[in-house]
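Each remark here refers to the structure printed beneath this line.
The values are calculated or read from the model by the stated rules, or taken from the named source; none is laboratory data. Keep in mind the model is a prediction, meaning the values are calculated, not measured. Ideal geometry is used to build each Cβ from the backbone, glycine not excepted, and the neighbour counts take in all protein chains shown.
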Amino acid sequence: MTEERRKVLDMLSEGKVTVEEAERLLEALRETRKGRGIGALQDTLEGLGEEIEKGLKEGLSGLEESLSGWSDSEYLDRDKDGKISMCDDTFAVGDKPRLLVRGFNGRIRVRAGEPGSIRVRAKLKKPREIKYSATQEGDLITVEAKPDQQSEGFLHGFSRQHSGANIEVTLPVITSVDLATSNGPVELQGTEGNGTVQTKNGPIRVENFKGDLNATTKNAPITVKTLSGSAELYTSNSRVSIEDAHGRFDARTTNGSIKFQGSIDPGNGSKLSTKNGNIKVTLDDDPSLNLTAATVNGRVRCEVPGFVASVEKRHKLKGTVGTGEAELIAETVNGSVTIQ
């Protein structure tokens, strides 16, 4: 329940407005969320008395701000059949919150916000065929959208392919997340803690992340930008791109290139592996690592100043940069490997 609606019901219980006036105000709030703008509510306030108007207008700026991030089509609360198509929940959490999201046929977008609360907004496509819930157990917030198995019919199987859920979450910076969907992208931005991201046939993008990351997809790229910690990244028929990253990395694909720019922490081993694609590594200044680079059908070369090779062939290269405090293995079958 929004703060504005709560104020209306409080005034009704206190006898400050009649039932008819309360119904008018609640309807105006619904129209506002459908995209008619704040003006629809302001017009309704006229003539209801200065105290009522003042009490509700205090919440208008917050309501307008909450609507600004959504397109007009996402203001709708219900579809033509009266089923809820837009859900908006906010949960109070402590210092170590956790988020678990399970969706299907839609995107998941998670971004860092203010401490103390997690806000979940979901846009349901064909809500009559979806079972959706957002629940809290302590500091664990669980969001689930799945096909409604009871919604059977002659065309149910076909129709279900066109249903799904787009889920957006704003949460504290320090939050452990576990995100999974199918046939949709996943975005994670600005968080610290453990992160698990999974999708099928959708791209994954992670930015400004600190902690341990595990990201898996198929037939789509994985992009990581500005990461500190460790990352295990797996896709099948697309590329992996890692930029401004520092820590330990295991990046693998089957048919795609791998690009890495950053550094590997001392004492850590990292591996970049593909079968059909090039690998390009750009190391930050003053690297210190043992390097093994290999290919079958391609060329291997290291352009890092101070590199000392122990094995130097067209298809294989081993050696040390600096004092060799970390380890890097870069392997492909049909492609070239460049370390610079």
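Some points to look at:
- The condition of being buried (at least 16 other Cβ atoms within 10 Å of the Cβ) and at positive phi holds for only one of GLY306, GLY262, GLY267, GLY324, that being GLY262.
- Looking only at the range 246-259, residues that are surrounded by 24 or more Cβ atoms within 10 Å (Cβ to Cβ) and under 14 Å from VAL281 (Cα atoms) come to 3 in all.
- Looking only at the range 117-137, and only at residues there that are surrounded by fewer than 20 Cβ atoms within 10 Å (Cβ to Cβ) and either at pLDDT 95 or above or within 22 Å of VAL197 (Cβ to Cβ) (or both), the one that is farthest from the chain's Cα centre (by Cα): GLU137
- Residue within the range 158-165 that is of a type in the set (Phe, Trp, Tyr), out of contact with any His (no Cβ under 6 Å at 6 or more places or on another chain) and modelled with pLDDT of 90 or more present: no
- Checking each residue in the range 306-340 for being of a type in the set (Gly, Ala, Ser), assigned to a strand (DSSP E or B) and farther than 25 Å from VAL240 by Cβ picks out ALA309, SER310.
- Taken over the range 213-237, the criterion of being of a type in the set (Gly, Ala, Ser) and not in a strand (DSSP E or B) is satisfied by ALA220, SER236.
- In the range 309-329 there is at least one residue matching the filter, namely being within 33 Å of the chain's Cα centre (by Cα) and under 25 Å from ASN237 (Cα atoms).
- Residue in the range 192-212 that is over 21 Å from SER236 (Cα atoms), among the hydrophobic types (A, V, I, L, M, F, W, C) and either in contact (Cβ under 8 Å) with a residue 40 or more places away in the chain or part of a strand (DSSP E or B) (or both) present: yes
- Of the residues examined, ARG98 is one that is in the same structural domain as LEU179 (by TED's automatic domain parsing), basic (Lys, Arg) and either at pLDDT 90 or above or touching a His at 6+ places or on another chain (Cβ under 9 Å) (or both).
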